[in-house]
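I have a structure here, written as structure tokens, and I will follow up with some questions on it.
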Amino acid sequence: MSQKKLLRALAGETLDTPPIWMMRQAGRYLPEYRATREKAGDFLSLCYNSDLAAEVTLQPIRRYGFDAAILFADILLVPQALGADLWFVTGEGPRLSTVTAQSDFDALKPAADIHETLNPIYETVRILSRELPSETALIGFAGAPWTVATYMIAGRGTPDQAPAHALMAQNRTLFEALLERITEATIEYLSAQVDAGAECVKLFDSWAGSLGGDDFDRYATAPAARIIAELKRRHPGLPVIAFPREAGDKYIGFAKATGADCVALDNSVSPEWAAANVQCDGCVQGNLSPTHMVTGGQALIDETRHIVEAFSKGPHIFNLGHGITPDADPENVQLMIDTVRSK
Ligand code: 1CP
């Protein structure tokens, strides 16, 4: 069995202390990240500069010794590789050309053509698999089809994903065709990351929580199941982490329904509830509120211990419930790690 702690937890092993990494661990809260981003010019140039993207991926590993590194890239590179325009407005976030009519969809590239744009990302993975310490696992990732579609339809981030829900209601055929194209592209993209050296992959469905009832099953569970089945067919034994953020009760049974080896939990669910209802099916990841990385102190220590304890009877990967924010204090990250590892 692999010696890397993250892969042992993903294989279902209950460890004395859980492996730990952090969503957005390479990010604006770190001065060394801000310096490298400055050097790259802007965020997208950083993503496509393999040497600098590898450098920012390694920064939190050097500083903290996390058990896993996550490839530095973004979920919105897939729409760009499919032919959408993509740019970032400083202080506001991403902007994309929209897909709301059949003609917009017809202008997209086939999934098989994405590699031309995404080759630098695979090069980042190759550099990382050479340079990471032998105990550090390398995680590849992509956005889940629904979440990626919400950005492609709205042309930006939205608090309630209203434009995507509207297209679903008004032109379900087009909506489903778009989801299908993203699903195919995601399989291609993740499979190429694994070929380049990613040891496990994570599927981020950040907006899964806005899908209710049957829509959740059709547009969150079913595409994840398809992507995971195809990846495991191509790469037998590949571990997959699925993150249907804010799924609530829909976390129950998600691992079984999709074939995911681990379900990542946001911090809206209590660890006791998740241990009883989700961890009973296998490994879970999570779920400290990212606000503790801003506020620190005894509350951070208490809540970290609480989560470690609640998940101690089964396989667990310690993480935040969502990405660390730019206003976080790097010393609070160290305090969280020390608390997890001093258990
Ligand atoms: O200004 C900057 O430097 C850019 C900030 C930033 C960073 C550090 C963005 C813009 N993306 C990233 C990197 C990133 N994004 C990673 C790298 C690895 C790591 O975790 O360290 C990952 C895994 C993502 C994934 C991502 N991008 C998601 C899914 C996870 C989540 O946070 O829910 C989403 C929704 C995005 C879109 C995106 N990219 C960036 C922003 C600001 C956003 C959110 C836009 C919005 O809806 O407002």
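Could you check region 35-49 and list, in sequence order, the residues that are more than 8 Å from the ligand (Cβ to nearest atom) and part of a helix (DSSP H, G or I)?
ALA35, THR36, GLU38, LYS39, ALA40, LEU44, SER45, TYR48, listed by residue number.
Filter region 154-163 for residues that are over 14 Å from LEU86 (Cβ atoms) and more than 11 Å from the ligand (Cβ to nearest atom); which is nearest to the chain's Cα centre (by Cα)?
ASP160
Which one is nearest to the ligand (Cβ to nearest atom) among residues in region 129-148 that are among the small types (Gly, Ala, Ser) and in contact with a strand residue (DSSP E or B) (Cβ under 9 Å, 6 or more places away or on another chain)?
Of everything passing the filter in region 129-148, GLY143 is nearest to the ligand (Cβ to nearest atom).
This table checks each residue for (1) within 10 Å of the ligand (Cβ to nearest atom); (2) under 20 Å from ASN332 (Cα atoms); (3) surrounded by 13 or more Cβ atoms within 10 Å (Cβ to Cβ); (4) at pLDDT 95 or above.
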{"residue": "ARG24", "(1), (2), (3), (4)": "yes, yes, yes, yes"}
{"residue": "GLU32", "(1), (2), (3), (4)": "no, yes, yes, yes"}
{"residue": "ARG62", "(1), (2), (3), (4)": "no, yes, no, yes"}
{"residue": "GLN102", "(1), (2), (3), (4)": "no, no, no, yes"}
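Being free of Cβ contacts under 8 Å to residues at least 40 places away in the same chain and crowded, with 18+ Cβ neighbours inside 10 Å is the filter; apply it to region 38-47 and report the residue that is farthest from PRO79 (Cα to Cα).
ALA40
Do we find a residue being outside any helix (DSSP H, G or I), at pLDDT 95 or above, within 16 Å of the ligand (Cβ to nearest atom) and under 22 Å from ALA137 (Cα atoms) anywhere in region 298-311?
no
Sticking with this one: Can you name every residue in region 70-92 that is within 10 Å of the ligand (Cβ to nearest atom), of a type outside the set (A, V, I, L, M) and modelled with pLDDT of 95 or more?
Listed by number, the residues that qualify are PHE72, ASP74, PHE88.
Further, regarding this structure: Being over 23 Å from the mean Cα position of the chain (by Cα) and hydroxyl-bearing (Ser, Thr, Tyr) is the filter here, so list the residues in region 297-343 that pass it.
SER312, THR339, SER342
Cβ contacts < 7 Å: first residue of a type in the set (Lys, Arg), restricted to region 70-95; second residue modelled with pLDDT under 95, any location; separation 6+ or different chain. Result?
Note: pairs meeting the criteria are ARG95/VAL89.
Next up: Quick one: count up the residues across region 50-99 that are farther than 16 Å from ARG156 by Cβ and aromatic (Phe, Trp, Tyr).
Looking only at that region, the number is 3.
The conditions are (1) in contact with a helix residue (DSSP H, G or I) (Cβ under 7 Å, 6 or more places away or on another chain); (2) in a helix (DSSP H, G or I), and ILE61 fails exactly one of them. Which is it?
Evaluating ILE61 over (1) in contact with a helix residue (DSSP H, G or I) (Cβ under 7 Å, 6 or more places away or on another chain); (2) in a helix (DSSP H, G or I) leaves (1) as the failure.
Which condition from (1) surrounded by fewer than 24 Cβ atoms within 10 Å (Cβ to Cβ); (2) of a type in the set (Phe, Trp, Tyr); (3) within 12 Å of the ligand (Cβ to nearest atom) is the one that TYR122 breaks?
The failed condition is (3).
For region 196-216, how many residues meet the condition of being modelled with pLDDT of 95 or more and either part of a helix (DSSP H, G or I) or within 12 Å of the ligand (Cβ to nearest atom) (or both)?
Adding up the residues that qualify gives 14.
Find all pairs meeting these conditions: Cβ atoms under 6 angstrom apart; at least six residues apart or on different chains; first residue within region 201-212 and closer than 18 Å to MET23 by Cα; second residue among the polar types (S, T, N, Q).
That search, which allows pairs on different chains as well, returns ASP205/THR147; SER206/THR147; TRP207/THR147; TRP207/THR150; TRP207/GLN161.
Still on this structure, please answer the following. Identify the residue in region 217-253 that is part of a strand (DSSP E or B) and closer than 30 Å to GLU131 by Cβ and, among all such residues, is farthest from the ligand (Cβ to nearest atom).
Filtering region 217-253 for residues that are part of a strand (DSSP E or B) and closer than 30 Å to GLU131 by Cβ, the one farthest from the ligand (Cβ to nearest atom) comes out as VAL240.
If you don't mind, another one. Please go through region 316-342 and give me each residue that is at pLDDT 95 or above, more than 16 Å from the ligand (Cβ to nearest atom) and part of a loop (DSSP other than H, G, I, E, B), ordered by number.
ASP329
Then there's this: From the list THR57, THR98, which one is within 13 Å of the ligand (Cβ to nearest atom), out of contact with any His (no Cβ under 9 Å at 6 or more places or on another chain) and modelled with pLDDT of 95 or more? Reasoning before the result, please.
Values: THR98 fails: within 13 Å of the ligand (Cβ to nearest atom).
Of THR57, THR98, the one residue that is within 13 Å of the ligand (Cβ to nearest atom), out of contact with any His (no Cβ under 9 Å at 6 or more places or on another chain) and modelled with pLDDT of 95 or more is THR57.
The values are calculated or read from the model by the stated rules, or taken from the named source; none is laboratory data. Keep in mind that what you see is a predicted model, and the values were worked out from it rather than measured. Here Cβ is always computed from backbone atoms with ideal geometry, including for glycine, and neighbour counts include all displayed protein chains.
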